[in-house]
Amino acid sequence: MESKEDVRKYERALEAMSPFEIKNTLIKMAKKGSETSTDTYLNAGRGNPNWIATAPREAFFLIGTWAVETCRNEAYSKPGVAGMPPKEGIGDSLKLFLKDNSARHGAHLLLKALDYAENTLGISADSLAYEWADGIIGDHYPTPVRMLVNSEKIVKAYLAQEMGDKAAGLGEEYDLFATEGGTAAMCYIFDSLQANHLLHKGDSVALMTPIFTPYIEIPQLDRYSFDVTNIYADSVDKNGYHTWQYPKEEMDKLRDPKMKLVFLVNPSNPPSYRLSEECMQYLVDIVKKDNPNLMIVTDDVYGTFAKDFKSLMYILPQNTLCVYSFSKYFGATGWRLAVIAAAKENIFDKLIAGESKECLDDLKKRYGSLSLEPGKVPFIDRMVADSRAVALNHTAGLSTPQQIQMSLFALMCLLDTKDVYKKKMQEMISDRLEALWKGTGFKLIKDPMRVGYYSEIDLMLWGKKIYGDDFCNWLKTNYEPLDVVLRLASQTSVVLLNGSGFDGPSWSVRASLANLDENDYLKIGSSLRSILDGYYEEYENSKK
C-alpha cells in the first residue's frame, strides 16, 4: 500500500496537467468503480450537450434532397452523375419544391426563412436558394473565403439579436470569419496576433479567470511565451459567497499600457456567470482613460443561455474580437461551427498601420500575394490567410455545407420571435443546476448574473460554512485539492473536473450541466456532499 505522502506526491504531479487530460484518469477510476459496485458511472466533466436542435437539421437535409434534384439535367445522362444547380429561377424552384413537400419536416422553416431573407435582410430568393444549393452540394471552394455572402448576412443578424445589439439592427458594422469551431478561432487569433507583430514573445497579456483551460495553456507555449497576468473573479458578497465578478482592484491591472491584450469567456467557463454591467462599464473606463490600445478577445459561446445578454463586441466594438460558436446552444459540437467577429473600424488595423517600417516591410512581404496593396488588407482577412499559411488563401474558408447548416441554425432563432427554443434551453440547464445543488445540500444563492451551463463549487467555502475553520485547516494540511475529484471518481463513479485547472479556487470542482439528465445531477450533488462529509468524519476521528 502506498504511503499518504506518496499519494500526495502523485496528486501534486497530476495537478500540473490540464484538467481535460486528468479527466482520462478520472474516467478510468470511475468506470472501474462502477463495475464493482451499484454506483452508476456519471461523467459531468465535459460541456458537450445531450440535446440537438432538430428543425434546422431537418431543413438542412431537405435542402440536400432538393439540391441534388436541381443538379440533374440532360447534359449529364449517365447514372450517378449530375451537373451544377442552375442560377436562373432557382428561388421559385425551391419554393415550389417546399410547397409540394410542405408536410415534410423542415419545409415550414425553409419557407419562412426565404420570406424573412427577402423582406428583412434584402436577400433575393434566387440568391439565397443558389447559395444553399451550391453550398450544400459542396462542389466549389468557399467564395468569398472569409464567409459566404448570404450566410454572413444571416449570421450578422443572428449575432445582433443574441449578443445584445437589437437596437442597432442587423450588425452590418461587423465582418465575420467562419471557422472550424471555437477551437480553430482561438488558434487563428493567437497566430495572427503574433504574425502581425501585435504581440511578441514576452508581451504582457491578461486572463480574466477562472477561464477555459486552453486560454491558460496556449500563452505558455514556447512560440508565444507571453507574460500572463490573471484578473481574478474573487468578489464575494457580505456573507462570503462567491459572486464570480471582478473587483475594481483586479481590473485596474489592465490600466497599465504595457498590458496589450485581455482574454475572457463571457459568460464564464467556469463558473458560468455573465459579466455584470458594472464590470463592463469599468472596463470601458479603463480603455477610454488609460489603455485605449487594449485588445480584447471575448469568447461568448454561452451568451445565448443568459437572459438579456450583452457582449463586449457591442460595448467596446473597436477594441474587441468576438468568438461565437454554435456548438453548445444547438447541440452541434461535431459540426465545428463558429465565427470571429471584428468591427469594420478596429484597433487591430489601427495598430498594424502604426507599426515600424521594419514590421510593415515584413508584413508587406508576408501578404504581398494577396493584394497589390497588402498594407490595406484588414486584420480579419489576414487571419483567413494565416489560417492557410497565406499561400493557400485561395482555398481557405469553412466548408460550404458547414456554412449552410450555420445559417439555418441562425435563421431558426431569427424566426423564433417568442424565444421558445431559448426559454427551453435556459429552463433545462436551470432545472439541472437546481438538482445538483439540492443534492449537495448547499445553499444556491439567487443571482441574476448566473447562467448555469457549468457550476463551480468551492468545497473549502462550504466546508468552512458547515464544519468551521479548524476542519478546513486540517483538510488543507492533510490532503491535496485534487484528492476531491479522485475520491469522487473512485468512491462514487462520478467524474467532475478540478476547478484549479481553470485558475479557479484550489478546492473547487467544476460540473457541466449540459450532458446528463436532471436526476443524474441530484446524484452527483449527493455524491459530492458525501465526499465532504467523509473528510469531516476523518477529521473527527483524528481528534480522538
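The values are calculated or read from the model by the stated rules, or taken from the named source; none is laboratory data. As the structure is a computational prediction, the values presented were derived from the model and not from experiment. Glycine also receives a Cβ, built like all others from the backbone with ideal geometry; neighbour counts cover every protein chain displayed. Please note that ligands, DNA and RNA were not included when accessible areas were found on the heavy atoms of the full protein model with its side chains. Shrake-Rupley method; radii C 1.70, N 1.55, O 1.52, S 1.80 Å.
Listing for the model above:
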read-out: Filter result for Lys260 (touching a residue at least 12 places away in the same chain (Cβ under 8 Å), in a strand (DSSP E or B) and either under 26 Å from Gln194 (Cβ atoms) or open to solvent by less than 20 Å² (accessible area, probe 1.4 Å) (or both)); value: yes
read-out: Residue list for the stretch 361-392, restricted to those being open to solvent by 70 Å² or more (accessible area, probe 1.4 Å), more than 17 Å from Ile189 (Cα to Cα) and aliphatic (A, V, I, L, M); value: Leu372, Ala391, Leu392
read-out: Criterion: under 30 Å from Glu537 (Cα atoms) and at pLDDT 95 or above - qualifying residue of Leu415, Leu436; value: Leu436
read-out: Condition broken by Arg510, with the remaining ones in (1) more than 23 Å from the chain's Cα centre (by Cα); (2) not in a helix (DSSP H, G or I) satisfied; value: (1)
read-out: Residues within the stretch 412-438 that are of a type in the set (Ser, Thr, Tyr) and part of a helix (DSSP H, G or I), tallied; value: 2
read-out: Residue match in the stretch 312-326 (condition: more than 13 Å from the chain's Cα centre (by Cα) and open to solvent by 50 Å² or more (accessible area, probe 1.4 Å)); value: yes
read-out: Number of the condition not met by Trp51 [criteria: (1) touching a residue at least 60 places away in the same chain (Cβ under 8 Å); (2) surrounded by fewer than 16 Cβ atoms within 10 Å (Cβ to Cβ); (3) part of a helix (DSSP H, G or I); (4) aromatic (Phe, Trp, Tyr)]; value: (3)
read-out: Single unsatisfied condition, Tyr521 versus (1) part of a helix (DSSP H, G or I); (2) more than 24 Å from the chain's Cα centre (by Cα); (3) surrounded by 16 or more Cβ atoms within 10 Å (Cβ to Cβ); value: (2)
read-out: First in the stretch 264-287 and under 20 Å from Ile445 (Cβ atoms), second anywhere and basic (Lys, Arg) and open to solvent by less than 10 Å² (accessible area, probe 1.4 Å), Cβ under 8 Å, 6 or more apart; value: Pro270/Arg510; Pro271/Arg510
read-out: Extreme residue, surrounded by the fewest Cβ atoms within 10 Å (Cβ to Cβ), among residues of the stretch 222-247 that are part of a loop (DSSP other than H, G, I, E, B) and among the acidic types (Asp, Glu); value: Asp222
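Results for (1) touching a Gly at 6+ places or on another chain (Cβ under 9 Å); (2) buried (at least 21 other Cβ atoms within 10 Å of the Cβ); (3) within 27 Å of Leu275 (Cβ to Cβ), shown as yes or no for each residue.
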position	(1), (2), (3)
Val420	no, no, yes
Lys423	no, no, yes
Arg432	yes, yes, yes
Asp447	no, no, yes
Asn473	no, no, no
Val484	no, yes, no
Trp507	yes, yes, yes
